Every structure is written in C-alpha cells, then in structure tokens.
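In what follows, a structure is listed as structure tokens, so that the remarks can point back to it.
The values are calculated or read from the model by the stated rules, or taken from the named source; none is laboratory data. Just so it is clear, the model here is predicted, and its values are computed rather than measured. Don't worry about glycine lacking a Cβ; one is built from the backbone with ideal geometry, like all the others, and counts go over all protein chains shown.
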Amino acid sequence: MPNLRTIKFTLNSVPVTAEIKLYHNLVELLQQFNLFGARESCGQGLCGCCTAIVDGEAVSSCLYLAAFVDGKDVKTIEHLDSDGKLSAVQEAFVEAGAVQCGFCTPGFILMTEQLLDAHPNPSDSDIREYLSGNLCRCGSYPEIAAAVKIAARKRRNVAPVTIKA
C-alpha cells in the first residue's frame, strides 16, 4: 500500500523495525511497541507530556512524524528502567512528591535528565527556563523544582536535602 512505510531505528538501545502509516506521529509509533510513557495530551506540542528524545534532542512526539525517526536513536522514559531500579532523577521526583497524578511526570523526568546532563548544578532560573515547555495540571511546580535540585545532588553524590513542606 502506498500509505505504508517500513522504518528502522534504535528504540531504547534496541534496533527495531516498524511498519507505519505516513501520517502517524511518534506517540502512535511508540504505542506499537507497548510504550505508553509518552502521552498525547494537547496535540499541539505545548504541554511536554509526549516528550521523547530523538538523537539526543527532546521532541514533542505528538507533532513529530514517525517517518522522521527512520535511522535515528529514540529514547523514551522507559529507557531509564535499569533492572527495576529508579534513576536518581526518578528517585528525586518520588522523594519530593513531584509525581502527583503522574501524567506529565515522564516528560518532566526526561527534560530533567537532559538539564542535569547540560547543567549538573542548575540555578532556579535554569530549572524554570529548561522545564518551561512542560505543563503540570496538578500545579506541582515547587515539588518539581525541589526534585530537580535533589536529583542534581544525587547525581553528584552530595548529602540529601531536607524538603520543606
């Protein structure tokens, strides 16, 4: 059929092949692999719930055509799974109570991982700016900012911080 295409790419460090419809977005492609961490919410690339990492860059997978990942490296929140152990960032989000309903959490965690890769000791301004493309409908922004700081300390193996309620 002319509206189908076979693509090959790396998904969470595993080479994969998929048959896609040309109009499918990356969220729909990820669902073919039973990966549901990236969720389509706004459908306009404004909320960050569908964040995925393509060749090291965060993308809004609701807007990113699946065909564009042909030959690329794609990482989702599921790539952080390491024998059932949470990453430092995931631990920090739980500790800070930054998970609330959890709908936006995967996008925030992926962006926090990228932020801390680029800025291991981010300022409050860095955190606000870097995470500005992600929306939390529960209003957990103070807890999310605290989680980023906790994660930064965990990654640097610094003593834990006390979270003020």
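The one condition from (1) of a type in the set (S, T, N, Q); (2) more than 30 Å from Lys154 (Cβ to Cβ); (3) in contact with a Leu (Cβ under 8 Å, 6 or more places away or on another chain); (4) without any contact (Cβ under 8 Å) to a residue 40 or more places away in the chain that Thr6 does not meet is (3).
Only one entry of Ala98, Ala67 meets the criterion of being over 18 Å from Arg156 (Cα atoms), of a type in the set (A, V, I, L, M) and in the same structural domain as Ala145 (by TED's automatic domain parsing), and that entry is Ala98.
For the structure I just gave you, tell me whether Gly139 is surrounded by fewer than 19 Cβ atoms within 10 Å (Cβ to Cβ), under 17 Å from the mean Cα position of the chain (by Cα) and part of a loop (DSSP other than H, G, I, E, B). Criteria not met by Gly139.
Among the residues of segment 16-29, write down those that are out of contact with any Leu (no Cβ under 8 Å at 6 or more places or on another chain) and either surrounded by 16 or more Cβ atoms within 10 Å (Cβ to Cβ) or under 17 Å from Ser60 (Cα atoms) (or both). Across segment 16-29, the qualifying residues are Val27, Glu28, Leu29.
Results for (1) closer than 26 Å to Asn12 by Cα; (2) touching a residue at least 24 places away in the same chain (Cβ under 8 Å); (3) touching a Gly at 6+ places or on another chain (Cβ under 9 Å), shown as yes or no for each residue.
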{"position": "Asp83", "(1), (2), (3)": "yes, no, no"}
{"position": "Phe93", "(1), (2), (3)": "yes, yes, no"}
{"position": "Gly107", "(1), (2), (3)": "yes, yes, yes"}
{"position": "Leu110", "(1), (2), (3)": "yes, yes, yes"}
{"position": "Pro142", "(1), (2), (3)": "no, no, no"}
{"position": "Ala151", "(1), (2), (3)": "yes, yes, no"}
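Scanning segment 95-113 for residues that are crowded, with 24+ Cβ neighbours inside 10 Å and more than 11 Å from Thr51 (Cβ to Cβ) yields a count of 1.
When Ser41 is tested against (1) surrounded by fewer than 21 Cβ atoms within 10 Å (Cβ to Cβ); (2) touching a Lys or Arg at 6+ places or on another chain (Cβ under 6 Å); (3) farther than 26 Å from Arg156 by Cα, only condition (2) is not met. Looking across segment 28-49, the residues that are over 16 Å from Asn12 (Cβ atoms) and either of a type in the set (Lys, Arg) or under 13 Å from the mean Cα position of the chain (by Cα) (or both) come down to Arg39, Glu40, Cys47, Gly48, Cys49. Where in segment 1-81 are the strands (runs of 3 or more DSSP E), entirely inside, with at least 3 residues that are in contact with a Gly (Cβ under 9 Å, 6 or more places away or on another chain) and not polar (S, T, N, Q)? Correct list: 4-11.
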